[in-house]
Amino acid sequence: MKIHEYQAKELFRSFGVPVPDGGVAFSVDEAVDAAKGLGGYPVVVKAQIHAGGRGKGGGVKLAASEAEARTFADEILGMTLVTHQTGPEGRLVKKLLVEAGQEIAKEFYLSILVDRATAGIVIMASQEGGMDIEEVAATTPEKIIKVRVDPLTGIQGYHLREVGFGLGLPKAALKEFSALLKNLYTLFVKNDCSLLEINPLILTKDDRVMALDAKVDIDSNAMFRHKDLLEYRDLDEEDPLEVEASKYNLNYINLDGNVGNIVNGAGLAMATMDIIKNAGAEPANFMDVGGGATAEMVENAFRIILMDEKVKAVLINIFGGILRCDVFAEGVVAAAQKTGITIPVVVRMEGTNVEKGKKILAESGLNLINAVDLKDAAEKVAAAI
């Protein structure tokens, strides 16, 4: 689950991580009032969307006066902000963060994330913080410091010193930085985060460290332990079809292609998408209904895929195990009858009760294209498109 910068900074404050004074605004007038409440200028007006690169896209402005704060708030609020992370469609800005400006001596990059390669946690940092950190990582990766932490023993003093010395912080700032990093690690672990990122982390002219930005991603599978954080979820920032799928415990990710696919099992779904591409078509989604799906879940999966206007054909690839082929077929028939499907549907089924499943589909009166194997299915759906 992604959260907004202003929400991440609320978490930072609760764990003792220094951040600038500021407040969220949902209108131009609220933004101006928030700026007035900071006690002076300059102030920073920042678009709040679930994507990075906002500064380069025109979503972050430094206002030197009340008039500029009003102008920038009016420009940013309601704009469709396009960054390298939003895609060409961009994101509509519905809220702003207005913060006090800071006197910056140096900018750094700092993040904590799950390291799948070592089944641990890694702290990443760089002296080259700011808007071009992706370029730094691509062209000069040696400038990225990586410190690995065993989650069983937790963060230790030598981890803190290794990162602090690696960033070349002045001696006067090391103690405060060590406390900041330790608090960030505690936040990361206690909230089951998958990513925590500060870009930039700044050193002020009086040798203080502060999180000027904040990005926090929380593992959705752990939300049952963090019901208090559910209020941070912003459905406006999520794909509507993915939100709909989540209501029915369906694993769905919207993609850019034109072949909708329904599969049971994540590995099989990945293989299905690969073979669709090999056949010359493009998958429109990842959809794993799961091994224990019911006919109702299958019906909802089918309905959600057909809601996507990009979908010009559907490939159903089912290996019957816990989810029997006859149960799946019943769900397909129910969904097709309710939606009045008009696009080609290719079906490949194998496994438990496959003959019963094929009989249900054959007797449904639906115009379905049967496939003998996965290669045949992919070729038939590509030909149909």
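Every number in this text was worked out from the coordinates using simple rules, so none of it is lab data. A quick note: this is a predicted structure, and the numbers were derived from the prediction, not measured. With ideal geometry, Cβ positions are generated from the backbone for all residues, glycine too; neighbour counts draw on all protein chains shown.
Local charge for L196 was computed over the other residues whose Cβ lies under 9 Å away, with Lys and Arg +1 and Asp and Glu -1, and equals -1.
Amide H contacts for M79 (H built 1.01 Å from N in the peptide plane; partners 5 or more residues away or on another chain; cut-off under 5 Å): V93.
Reported to two decimal places, what Rg/Rh ratio describes the range 4-99 when computed on Cα atoms with Rh from the Kirkwood expression? In the range 4-99, Rg relative to Rh is 0.97. Dipole magnitude for the range 76-173: about 280 debye, using +1 per Lys or Arg Cβ and -1 per Asp or Glu Cβ, origin at the Cα centre. Within the straight-line cut-off of under 30 Å between alpha carbons, the lysines reachable from K146 are K2, K9, K46, K56, K106, K171, K175, K182, K190, K205, K215, sequence neighbours fewer than 8 places apart in one chain being disregarded. Here the range 238-362 has an Rg and Dmax of 13.0, 39 Å, counting Cα atoms alone. Above 25 Å, the calculated P(r) of the chain contains 63 percent of its Cα-Cα pairs. The charge dipole of the chain, taken about its Cα centre with unit charges on the Cβ of Lys, Arg, Asp and Glu (plus for the first two, minus for the last two), comes to roughly 620 debye.
Here the gap between S220 and K36, fully extended at 0.36 nm per residue and compared with their Cα-Cα distance, gives a gain of 62.5 nm. FRET efficiency for the pair E66 and D206, taken as 1/(1 + (r/R0)^6) with r the Cβ-Cβ distance and R0 = 25 Å, rounds to 0.40.
Subtracting the Cα-Cα distance of R13 and A172 from their residue separation scaled by 0.36 nm leaves 55.0 nm. Taking the square roots of 5 times each eigenvalue of the Cα gyration tensor of the range 59-190, largest first, gives ellipsoid semi-axes of 33, 19, 15 Å. Which of I121, I318, I198 ends up with the largest GNM mean-square fluctuation for the chain, with Cα atoms connected below 10 Å? Largest GNM mean-square fluctuation: I318. Charged neighbours of E355, selected by a Cβ distance under 12 Å, balance to +2 (K, R count +1; D, E count -1). Put the Cα centre of the range 146-184 next to the Cα centre of the range 243-283 and the gap is 42 Å.
What does the charge count around G331 come to, taking other residues whose C-beta lies under 13 Å from its C-beta (Lys +1, Arg +1, Asp -1, Glu -1)? Cβ neighbours under 13 Å give a net charge of -1.
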